[in-house]
1. Would the range 75-93 turn up any residue that is modelled with pLDDT of 90 or more, surrounded by 12 or more Cβ atoms within 10 Å (Cβ to Cβ) and within 23 Å of residue 183 (Cβ to Cβ)?
2. If you check residue 148 against the conditions, is it touching a strand residue (DSSP E or B) at 6+ places or on another chain (Cβ under 6 Å), surrounded by 17 or more Cβ atoms within 10 Å (Cβ to Cβ) and either in a helix (DSSP H, G or I) or modelled with pLDDT of 80 or more (or both)?
3. Give me the residue from the range 44-59 that is touching a residue at least 12 places away in the same chain (Cβ under 8 Å) and within 14 Å of residue 95 (Cα to Cα) and, out of that set, nearest to the chain's Cα centre (by Cα).
4. Report the residue count in the range 116-133 for those that are in a loop (DSSP other than H, G, I, E, B), farther than 18 Å from residue 178 by Cα and touching a strand residue (DSSP E or B) at 6+ places or on another chain (Cβ under 7 Å).
5. Any chance the range 76-99 includes a residue that's in a loop (DSSP other than H, G, I, E, B) and either in contact with a helix residue (DSSP H, G or I) (Cβ under 7 Å, 6 or more places away or on another chain) or at negative phi (or both)?
6. Name the residue that is farthest from residue 200 (Cα to Cα), counting only residues in the range 114-132 that are over 13 Å from the mean Cα position of the chain (by Cα) and surrounded by 18 or more Cβ atoms within 10 Å (Cβ to Cβ).
């Protein structure tokens, strides 16, 4: 703060502030553009079957349109009418194919060459970046992610799936959760889990489960010890007290 009224304080060293649900959240500044060592999900080897499926579907649509044209011509329809019907069929099929493909192509996820999604041997640290609604790319951190409603801007925020749900940024503007968002979150969480496996990072969920098992075991063991102590000591104490 420079002490001059009416002048906006500067925010430096790659950090920013965002108001979410009437709270000031401190956020790490992401990348405006995808770094050159990162690859979008659709460009990874694991996504190639999606591209092949799109190409096969487009080729099939062309074949169906051609067969429809020939079939309509057999019923003595005019060439113009037959061509119009076949082109309409082709257009509808192509639109459906691209709509389905775009849900995968728009997955807001990128990985580097050391990530298992690249189907290559890791030579270093695996990295994962997630794209926010404003187009910036951020590191999701050490935890899996989920979405929570954004009350001020609408849609959903991306948060880390921990007890306090720290906000990573505004993720989607649509107020309804659709199957595309569910698929995106599933892929992002899978990418985070595989990244941590390559980097030998302990799984926080598994650690929590182990701690819960240990605490439950200690509680049960302590309870049984206390019960055994009561059952064994009480009759003996009563007996000797009666003798006294």
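The values are calculated or read from the model by the stated rules, or taken from the named source; none is laboratory data. The structure displayed is predicted, hence computed values, not measured ones. Every residue, glycine among them, receives a Cβ derived from its backbone with ideal geometry; neighbour counts consider all protein chains shown.
1. yes
2. Considered against the rule, which asks whether it is touching a strand residue (DSSP E or B) at 6+ places or on another chain (Cβ under 6 Å), surrounded by 17 or more Cβ atoms within 10 Å (Cβ to Cβ) and either in a helix (DSSP H, G or I) or modelled with pLDDT of 80 or more (or both), residue 148 comes out as no.
3. Ranking the qualifying residues of the range 44-59, first place goes to 54.
4. So the first thing to find is which residues in the range 116-133 are in a loop (DSSP other than H, G, I, E, B), and the list is 119-127, 132-133.
Checking which are farther than 18 Å from residue 178 by Cα leaves us with 119-127.
Among the residues that remain, those that are also touching a strand residue (DSSP E or B) at 6+ places or on another chain (Cβ under 7 Å) are: 126-127.
Count: 2.
5. yes
6. Within the range 114-132, the first condition is being over 13 Å from the mean Cα position of the chain (by Cα), and the residues that meet it are 114-127.
Filter once more, keeping what is surrounded by 18 or more Cβ atoms within 10 Å (Cβ to Cβ): 114-117, 126-127.
On the way: 114: 13, 115: 13, 116: 13, 117: 16, 126: 10, 127: 13 Å.
Filtering the range 114-132 for residues that are over 13 Å from the mean Cα position of the chain (by Cα) and surrounded by 18 or more Cβ atoms within 10 Å (Cβ to Cβ), the one farthest from residue 200 (Cα to Cα) comes out as 117.
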